[in-house]
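The values are calculated or read from the model by the stated rules, or taken from the named source; none is laboratory data. In this text the structure is predicted, and so the values were computed from the model without any measurement. Counting neighbours? That spans all protein chains shown, and the Cβs are built from the backbone with ideal geometry, glycine included.
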Amino acid sequence: MIKAILIFNNHGKPRLSKFYQRYSEDTQQQIIRETFHLVSKRDENVCNFLEGGLLIGGSDNKLIYRHYATLYFVFCVDSSESELGILDLIQVFVETLDKCFENVCELDLIFHVDKVHNILAEMVMGGMVLETNMNEIVTQIDAQNKLEKSEAGLAGAPARAVSAVKNMNLPEIPRNINIGDISIKVPNLPTFK
Amino acid sequence: MSEVVERTLSALPALLGPQLPAGPGPGRPSAGSRLGSLIRSITALTSKHEEEKLIQQEIASLKAMVSAPTTTLRLMKECMVRLIYCEMLGYESSFGYIHAIKLAQQGNLLEKRVGYLAVSLFLHENHELLLLLVNTVVKDLQSTNLVEVCMALTVVSQIFPREMIPAVLPLIEDKLQHSKEIIRRKAVQALYKFYLIAPNQVQHIHDKFRKALCDRDVGVMAASLHIYLEMIKENSSGYKDLTESFVMILKQVVGGKLPIDFNYHSVPAPWLQIQLLRILGLLGKDDPRTSELMYDVLDESLRRAEINHNITYAILFECVQTIYTIHPKSELLEKAAKCIGKFVLSPKINLKYLGLKSLTCVIQQDPNLALQHQMTIIECLDHPDPIIKRETLEILYRITNGQNVTVIVQKMLDYLKESKEEYAIITLSGKVAELAEKYAPDNGWFIQTMNAVFSVGGDALHPDIPNNFLRLLAEGFDDRKEDEQLRTYAVRSYLTLLEEENTFYPQKFLQVMSWVLGEYSSLATDVDPEIILTRLHSLLKKTFVTSDTKAWIMAAVTKIASHTSCSKTIDKLIKEFSSSLDTCMRQHAFELKHLREDRVLMKNLLPFDASCNDMVVDASLSFLDGFVAEGLSRGAAPYKPHHQRQEEKLSQEKALNFEPYGLSFASSVSSSGITGRQSPTGLSFGSDTSGNSAETGHKETNTLKLEGIRKLWGKEGYLPKKESTAGKPDEPQAASCGNLLAGRVIDPPASQSDQVSSLSEEEKEKQQLASTLFVGLGSNAGVSLMGKMDVATQKFKRKSKINETQTSEEASDIQNSAASTFGPLLDTVPVNKEDCEGNKHTRLRKPSLCSSDTLEDNLAFETPQSLKKPGLDDRLSDSTLSPLSLFADGNIEILQPSPSALCESANKTLSVPSLPKELEELPHSEVVELCQSDALALYLCKVWKDDSLLLAVFASNKKSSALNTVNLVFEKAEHFQILESPAHQFSVIEAQSVERCQKCVWMDKICTQGILPGSISYQSEMEPCLEFSVTLSLLDFIRPMEMTTEDFGKLWLSLSNDVKQNIKMSPSQDSLSTALSTLQQKLKLHIVDIIGNEGILACRLLPSVPCLLHCRTYSGMLALWFRSPCSALSDGLLYQCQKVMEES
């Protein structure tokens, strides 16, 4: 499980923090500080994994991080996640941000905290990896944005019109196009007792 | 990718200038204007203090705006974003929480989304405001707008109050059939969350999980794997039937059957593969048959993962882990080993790390692998990355043995000295201490190493380390001389350490020193006690010594004082501290003063080296009998056990509650004993002059007792390992040669150089290091190195052999002494005194349980016991209700062994085990067979006693000769508690006869069904140990609870954990009364009252956790409403109810 996702800049200023396990407010701040302290000390040519500090919870937990220009992306995970898998997940996350914000920079994260959170929510839900396909995430986000925008535009419109928009569904997502060809089948499932 | 984030904060002022209020993104202007100005001012600040001031201002203005009635939702949304920013910086803004919930409730899509986001960032699962969100979530789940449903599902999987799950569960279950895959996927994820926080509540939808696993969309299937991974982790045996399906899925994924969309860097669905491999690993663990199914696909995965990309390595790594977890197959192991090699040798540091990590995992299975990579491991020891270094040390830790311990411990201590991370220090110093205890070659080394651990580890050190160390010194070994040498060595080394005036030592180290000096300083006969006392005295005056440590030091001084006649230092010390402002020290000083006046008492109180002599503790407190009798004769109320009091409290109305500390009764006796022993000084002169308890009191307090302390590295812990090494036939030779090698590294002789001159200095050093580190590994005790290194070690070996002949005597001497020092230590498991006593105690108290005598005999036995407490007699006869009145409702199904079963088993040669009369009358299950071997058969019968579940285990000897010392042990199970000791010993079972033992069990942690494993062993050449397991269900521990309707009402109001559920009634049980009697019969609930279409029932979980049930029928539905102080109990009973109602 992913315990927390932290983004902070080279000076340790938090840019995004999302905790999937409950920590008190103070502990959260301490974790951010401690994590920055641990991560910022590391050279460029060392490995991207770190054992968690005391706060984030002992030997079972690991910090997996990547450093992009001014920002550190840190995922705190427990032993049930694959290190390299998470490392690539960070890459997917950043690439997705890049697509959504067209050349993402630290400022985008500051001014669109809510959007970044939304993108993250499409990838990681309740601490578990939900989606790793970049195109899929971008499609979802775009679709939602469009819908929200159209609704916001209709704020002053009569109620009927609004409900018409509301009942509009999300566009069908292309990956389901060849449903017939997806041959993942689970054979011989024994009946559940 | 690094260019992605190239605009940095340096660009900020320009971007935020007045002419450019916002960046390129849409929607920025309005939000940007305020948030932007906030951020601009923050970045302009220079100190934390200014930032705080600014944010406080911001929060104040937000507070005003948020609560102003004119604030529109749109504005509110902006406020929320700013609040999120403030919270992220660590400033509390709880005033906005309620508005976030409101926004989620009322806003349009965009605002709602921000509202939900704010809620999930601000609140936690147990926050009271969260209840206000439930309605919104329910509404949104029912919305026709997909975005709203998605948002609701997301927030549910992030935070949701546990007790409100039933409100949304049916809605989410419905979503599993939704036409959109994204909704189905999120619903599965939400159910996963529910499974984590309340597994009992989703028990009934396990078949829906299966459906999700078979979903036509891969995303949904992948999401369901999270749940399966979790469930299989908990209980792998329940899902073996799915192995084939998982294998099939993996095969298809690996085979590229997925749409190209799922590819990541042209690897098909890598994260899905990783997940599946993990599941397979769990399923195949220790199960050859299941493992068989997955060999092919694992092979295929290994083969396919060949592209040189990060993510393929992730899959490879997972494959390797799985291959080593499941039942081994040599072919695959070979490939996996090759893979590990690739990782370890990789220039990429991440891969190297993972390679080392997998080496750590597999090294015990396959030590040869470590030999192959020993040079890499040596290189990694000097790696600039501390993480790599630490992982390397972890490998070394796992391969440590008696021969390489000095080198490895040295490496670890070197690392410790450099490290500054507290966490690393704690774990590593623990390991060093463990290794030192296990493998120390001699006394001097051991003490020195422990000194290093104590000084480097400081006060962060795990408390077990000093405790274990002291116990080791105190308990000693078989050889008295050895003991004394070790202790004397410790005393001397501490005196030398204390000689240096201005050195700082951690508190724990000082405490250890003072204890040892106090206890054993007299062993160093040539040292004047006056010197020791002076040292201790000067310590007492140091400012860095805490008062805790001072108490230890004072205790040491007192102990030394007991065997020195007169000492100036002590006089001085007493004088000095008699007027100390520290009351504790003053107390100690006075005690010392008075004790010195009575030397005989002092000698008795502080005997030499008695710290681990067993004390006789009269646990039955029989010396108080006179006092009790006197009290009773004066009309005091007789003592009632705890559960009885609890019951009476529930069943009778009492005007006043006279029972203090009711709940802590069970452990109070033992815990007080333990705290007494653990007092840091090992000394306490409390009320030692009071009457007849004085003697016990003295004995109890004058010693340091460590039995209460958890034995982390106790002898039992590493016993098996020791045995396995001892099993090697060629050990002694290898061992002595190892000693020589070890000596060499510390002091490399020059004569070595000409023999290996062909290699460079550095290389040579490394190889020496390698040979010392990896000595004793692998099957052929010698060191097998690869390639050219082979030559060097050959020489090395030969050389060492020559040496060996010269010094063989000496070496074997060392070896012997080491073995005698540490060998017995490993084997002598001290008899756990408490356990032992507990056994005796039960045997005394319940003679009937252990003997298979007749009832009359038992009565005869019992009389003295009852005579002892005549006052209790009435009470006893009251409480030992006639067995049948237990289930007074009469119509509860009581299983009696059917006559046919009796006949059948009677046909067997052996006598059928049957319950003795007094148990036969209680409700009980059939006698079932647990396990069999050639010599022994075990049968089990569950007896549902009123106060516990009694497991009667029959051991029947099938042989024609008697079996001696048959040991029956129940293992510790998470969910169950065995009331007395979990073990039972039959001293002898006569030929062809049956012996019986009884254990009373409670359920400690509630579960619907659990397994209590156990084993029975007896002295025989063949299969000396039989394993068995007893399945216990929650219902075994449920008893009816009788009460009046009034009591029910009162209790109902005092309980808070609600669980409600509606279940359909089948036509056969259409009326309330039939439904209730089903519940009564099957679940042993007590029907309190039935009024109209409502009924109330009560039961308790042993010993006395009540659970109340309120039932109501309406239109073919039965509404169940449980209340209990323990929510898991309600959940469990609900599940049982559902099952029962479905069955009938």
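All of B:E92, B:E87 fail the test of being more than 25 Å from B:L141 (Cα to Cα), crowded, with 18+ Cβ neighbours inside 10 Å and among the acidic types (D, E), apart from B:E87. The single condition among (1) under 14 Å from A:R66 (Cβ atoms); (2) at pLDDT 90 or above that A:F19 does not satisfy is (1). Just wondering, is there one or more residues in the stretch B:120-130 that are on the phi < 0 side of the Ramachandran plot and away from every other protein chain (no Cβ under 13 Å)? Yes, the stretch B:120-130 has at least one match.
Would you call A:F49 at the interface with another protein chain (Cβ under 7 Å from one of its Cβ atoms), aromatic (F, W, Y) and surrounded by 21 or more Cβ atoms within 10 Å (Cβ to Cβ)?
Here the answer is yes, as A:F49 does meet what is asked.
When residues in the stretch B:1043-1071 are screened for being modelled with pLDDT of 80 or more and in contact with a Leu (Cβ under 9 Å, 6 or more places away or on another chain), 5 of them pass. Looking at the structure I just gave you, is A:D108 at the interface with another protein chain (Cβ under 10 Å from one of its Cβ atoms) and buried (at least 20 other Cβ atoms within 10 Å of the Cβ)? Criteria met by A:D108.
The rows are residues; the columns are (1) surrounded by 18 or more Cβ atoms within 10 Å (Cβ to Cβ); (2) touching a residue at least 60 places away in the same chain (Cβ under 8 Å); (3) on the phi < 0 side of the Ramachandran plot.
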site: B:F544; (1), (2), (3): no, no, yes
site: B:S567; (1), (2), (3): yes, no, yes
site: B:E597; (1), (2), (3): no, no, yes
site: B:E647; (1), (2), (3): yes, yes, yes
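Here's the yes/no breakdown for (1) modelled with pLDDT of 70 or more; (2) farther than 27 Å from A:G12 by Cα:
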residue: B:S2; (1), (2): no, no
residue: B:G25; (1), (2): no, no
residue: B:Y91; (1), (2): yes, no
residue: B:G96; (1), (2): yes, no
residue: B:K102; (1), (2): yes, yes
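Within the stretch B:109-121, is there a residue that is in contact with a strand residue (DSSP E or B) (Cβ under 6 Å, 6 or more places away or on another chain), closer than 21 Å to A:E122 by Cα and of a type in the set (A, V, I, L, M, F, W, C)? No, every residue in the stretch B:109-121 fails to be in contact with a strand residue (DSSP E or B) (Cβ under 6 Å, 6 or more places away or on another chain), closer than 21 Å to A:E122 by Cα and of a type in the set (A, V, I, L, M, F, W, C). For the stretch B:184-193, the criterion of being part of a loop (DSSP other than H, G, I, E, B) and either away from chain A (no Cβ under 14 Å) or within 38 Å of the chain's Cα centre (by Cα) (or both) is met by none of the residues. A:T132 meets all of the listed conditions (1) part of a helix (DSSP H, G or I); (2) facing chain B (nearest Cβ under 7 Å); (3) in contact (Cβ under 8 Å) with a residue 12 or more places away in the chain; (4) within 12 Å of the chain's Cα centre (by Cα) but one, namely (1).
The set of residues in the stretch A:145-156 being surrounded by 14 or more Cβ atoms within 10 Å (Cβ to Cβ) and at pLDDT 80 or above consists of A:N145 alone.
Looking only at the stretch B:382-392, decide whether some residue is at pLDDT 85 or above and hydrophobic (A, V, I, L, M, F, W, C). Scanning the stretch B:382-392, I find at least one residue that is at pLDDT 85 or above and hydrophobic (A, V, I, L, M, F, W, C), so the answer is yes.
Specify the residue that is nearest to the chain's Cα centre (by Cα); the eligible residues are those in the stretch B:359-394 that are of a type in the set (S, T, Y) and surrounded by fewer than 21 Cβ atoms within 10 Å (Cβ to Cβ). Outline the logic, then answer.
Kept after step one, since they are of a type in the set (S, T, Y), are these residues of the stretch B:359-394: B:360, B:376, B:392.
The next check asks that each one be surrounded by fewer than 21 Cβ atoms within 10 Å (Cβ to Cβ); those that pass are B:360, B:376.
Details: B:T360: 22, B:T376: 35 Å.
It comes out as B:T360.
For the stretch B:205-218: of the residues being in a helix (DSSP H, G or I) and at the interface with chain A (Cβ under 7 Å from one of its Cβ atoms), which is surrounded by the most Cβ atoms within 10 Å (Cβ to Cβ)? For the stretch B:205-218, the residue satisfying everything is B:V218.
How about the stretch B:347-390: which of its residues are within 20 Å of B:T322 (Cα to Cα) and within 14 Å of chain A (Cβ to nearest Cβ)?
Hits for the stretch B:347-390 are B:N350, B:L351, B:K352, B:Y353, B:L354, B:G355, B:L356, B:K357, B:S358, B:T360, B:C361.
Residues in the stretch B:219-242 that are more than 11 Å from chain A (Cβ to nearest Cβ) and assigned to a helix (DSSP H, G or I): B:Y228, B:M231, B:I232, B:E234, B:S236, B:S237.
Matching residues to (1) within 20 Å of A:F49 (Cα to Cα); (2) modelled with pLDDT of 90 or more; (3) part of a helix (DSSP H, G or I); (4) not small (G, A, S):
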site: B:I307; (1), (2), (3), (4): no, no, no, yes
site: B:A314; (1), (2), (3), (4): yes, yes, yes, no
site: B:V320; (1), (2), (3), (4): yes, yes, yes, yes
site: B:P328; (1), (2), (3), (4): no, no, no, yes
site: B:K338; (1), (2), (3), (4): no, no, yes, yes
site: B:V344; (1), (2), (3), (4): yes, no, yes, yes
site: B:K357; (1), (2), (3), (4): yes, no, yes, yes
site: B:T360; (1), (2), (3), (4): yes, no, yes, yes
site: B:Q364; (1), (2), (3), (4): no, no, no, yes
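Checking each residue in the stretch A:119-129 for being within 7 Å of another protein chain (Cβ to nearest Cβ) and either touching a residue at least 12 places away in the same chain (Cβ under 8 Å) or basic (K, R) (or both) picks out A:G126, A:M128, A:V129. Among all positions in the stretch A:71-78, there is at least one residue which is crowded, with 19+ Cβ neighbours inside 10 Å and at the interface with chain B (Cβ under 9 Å from one of its Cβ atoms). Among residues of the stretch B:61-82 that are outside any helix (DSSP H, G or I), none has a Cβ under 6 angstrom from a residue that is surrounded by fewer than 15 Cβ atoms within 10 Å (Cβ to Cβ) at a sequence gap of 6+ or on a separate chain. Within the stretch B:83-98, the set of residues being assigned to a helix (DSSP H, G or I) and under 26 Å from A:I7 (Cβ atoms) comprises B:L83, B:I84, B:Y85, B:C86, B:E87, B:M88, B:S94, B:G96, B:Y97. The number of residues in the stretch A:1-38 being at the interface with another protein chain (Cβ under 8 Å from one of its Cβ atoms) and among the small types (G, A, S) comes to 1. Looking at B:Y397, is it at pLDDT 85 or above, within 15 Å of B:A436 (Cα to Cα), surrounded by 18 or more Cβ atoms within 10 Å (Cβ to Cβ) and within 14 Å of another protein chain (Cβ to nearest Cβ)? So B:Y397 passes the test. Here B:E318, B:E292, B:E331, B:E300 are screened, and the one residue that is surrounded by fewer than 17 Cβ atoms within 10 Å (Cβ to Cβ), of a type in the set (D, E) and under 30 Å from A:N135 (Cα atoms) is B:E300. The number of residues in the stretch B:905-929 that are at pLDDT 75 or above and of a type in the set (S, T, Y) comes to 2. May I ask you to list the residues in the stretch B:244-285 that are at the interface with chain A (Cβ under 10 Å from one of its Cβ atoms) and on the phi > 0 side of the Ramachandran plot? Result: B:H265, B:A269.
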